[in-house]
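These notes concern the structure reproduced below.
The values are calculated or read from the model by the stated rules, or taken from the named source; none is laboratory data. Here the structure is a predicted model, which means the values were calculated and not measured. Quick reminder, even Gly has a Cβ in these numbers, built from the backbone with ideal geometry, and neighbours come from all protein chains shown.
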């Protein structure tokens, strides 16, 4: 058996069952029966480098404030009407306290076995990543959109209500 | 931005869940900066073409696994079959990639990139809040 393939009875040189993390453990398993506590980018022969399950589109209830802001954020919202970035209103919206700091809410996203629900956590990371880029680079977009030379400079500070959960969800 | 966990590979959904990722035209973005929630926009085309390419990557993983197994077992036919799977997968990935600039206008990328990496003169730094 190739050392690069996982074996259900893999042992180390002393005949002891290896406890070393095996990145290929799920390689040939059916993603449909794998728990959402697994890293969604666990590689299998049926999903390749796509996530194990299609990405979550609805965030947990506690993150509705985040979902609302990212729904309203695009230059054109899903219904085609202008969103916050269209009028450079995202920064003032965040700075005026529209988004509470939800860092601690991430601890509550666990699966039945008590492990972090990495499928949900990754969806939340995605939304904070979009929000962080949009918040920092909104002034560059404004400059570009007004036809001024270059992109200029972005905002210098990422507020804790974005940075806290972004870092925490990334670390999970 | 993270390519896999945010911008692209964790940012797609299906217009018709029954079709799933089988057809490019069934793919939609979950999040967007510009006009990406319109599936015909350049922003959607840029991101969703990446998703369409990566959806074939199971063939690369399976081909690699099959190849190692066949070589380990000195299985000549299995080795050839695994190489065939790797080659045919790369051909469909390449074909999908060739559609990039019909799904996404290159000139629009100058606008989209504003939110992806900023620009070389950018001086934003992440630092601890002074408080």
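Evaluate segment A:94-104: report whether one residue or more is part of a loop (DSSP other than H, G, I, E, B) and under 19 Å from residue A:122 (Cβ atoms).
First, the residues of segment A:94-104 that are part of a loop (DSSP other than H, G, I, E, B): A:96-102.
This time we only want the ones that are under 19 Å from residue A:122 (Cβ atoms), so: A:102.
Yes, segment A:94-104 contains at least one residue that is part of a loop (DSSP other than H, G, I, E, B) and under 19 Å from residue A:122 (Cβ atoms).
Test of understanding: among B:57, B:74, B:88, which residue is within 25 Å of residue B:1 (Cβ to Cβ) and at pLDDT 95 or above?
On the way: B:74 fails: within 25 Å of residue B:1 (Cβ to Cβ); B:88 fails: within 25 Å of residue B:1 (Cβ to Cβ).
Of the residues listed, the single one that is within 25 Å of residue B:1 (Cβ to Cβ) and at pLDDT 95 or above is B:57.
Exactly one condition in (1) within 12 Å of the chain's Cα centre (by Cα); (2) closer than 22 Å to residue A:53 by Cβ; (3) crowded, with 19+ Cβ neighbours inside 10 Å is false for residue A:170; which is it?
Just one mismatch for residue A:170, condition (3).
How many residues does segment A:134-172 contain that are closer than 21 Å to residue A:66 by Cβ, at the interface with another protein chain (Cβ under 8 Å from one of its Cβ atoms) and either modelled with pLDDT under 90 or part of a loop (DSSP other than H, G, I, E, B) (or both)?
Going through segment A:134-172 one residue at a time, the tally reaches 4.
Out of all the residues in segment A:117-133, which are more than 9 Å from chain B (Cβ to nearest Cβ) and either assigned to a loop (DSSP other than H, G, I, E, B) or out of contact with any helix residue (DSSP H, G or I) (no Cβ under 8 Å at 6 or more places or on another chain) (or both)?
Residues satisfying the conditions are A:117, A:118, A:119, A:120.
Tell me whether segment B:48-59 contains one or more residues that are more than 10 Å from every other protein chain (Cβ to nearest Cβ) and either without any contact (Cβ under 8 Å) to a residue 24 or more places away in the chain or in contact with a strand residue (DSSP E or B) (Cβ under 6 Å, 6 or more places away or on another chain) (or both).
Scanning segment B:48-59, I find at least one residue that is more than 10 Å from every other protein chain (Cβ to nearest Cβ) and either without any contact (Cβ under 8 Å) to a residue 24 or more places away in the chain or in contact with a strand residue (DSSP E or B) (Cβ under 6 Å, 6 or more places away or on another chain) (or both), so the answer is yes.
Of all residues in segment A:94-128, which are modelled with pLDDT under 95 and crowded, with 21+ Cβ neighbours inside 10 Å?
Across segment A:94-128, there are no qualifying residues.
Tell me, please, whether a residue that is at pLDDT 95 or above, surrounded by 22 or more Cβ atoms within 10 Å (Cβ to Cβ), assigned by TED's automatic domain parsing to the domain that holds residue B:115 and touching a strand residue (DSSP E or B) at 6+ places or on another chain (Cβ under 8 Å) can be found in segment B:13-26.
No, the conditions are met nowhere in segment B:13-26.
Taking segment A:72-93 as the region of interest, how many residues are part of a helix (DSSP H, G or I) and buried (at least 16 other Cβ atoms within 10 Å of the Cβ)? Don't jump to the end; show me each part of the working.
Keep residues of segment A:72-93 that are part of a helix (DSSP H, G or I), which gives A:72, A:84-87, A:90-93.
Filter again for buried (at least 16 other Cβ atoms within 10 Å of the Cβ), leaving A:72, A:84-86, A:90-91.
Number satisfying all stated conditions: 6.
Within segment B:64-85, can you find the residues that are closer than 18 Å to residue A:26 by Cβ and crowded, with 19+ Cβ neighbours inside 10 Å?
Applying the first criterion (closer than 18 Å to residue A:26 by Cβ) to segment B:64-85 yields B:64-66, B:68-69.
Answer for segment B:64-85, where residues must be closer than 18 Å to residue A:26 by Cβ and crowded, with 19+ Cβ neighbours inside 10 Å: B:65, B:66.
Among (1) more than 7 Å from chain B (Cβ to nearest Cβ); (2) within 22 Å of residue B:111 (Cα to Cα), there is one condition residue A:75 misses while meeting the rest; what is its number?
Result: residue A:75 fails condition (1) only.
Given the residues B:43, B:34, which is the only one that is at the interface with chain A (Cβ under 10 Å from one of its Cβ atoms) and closer than 26 Å to residue A:121 by Cβ?
B:43
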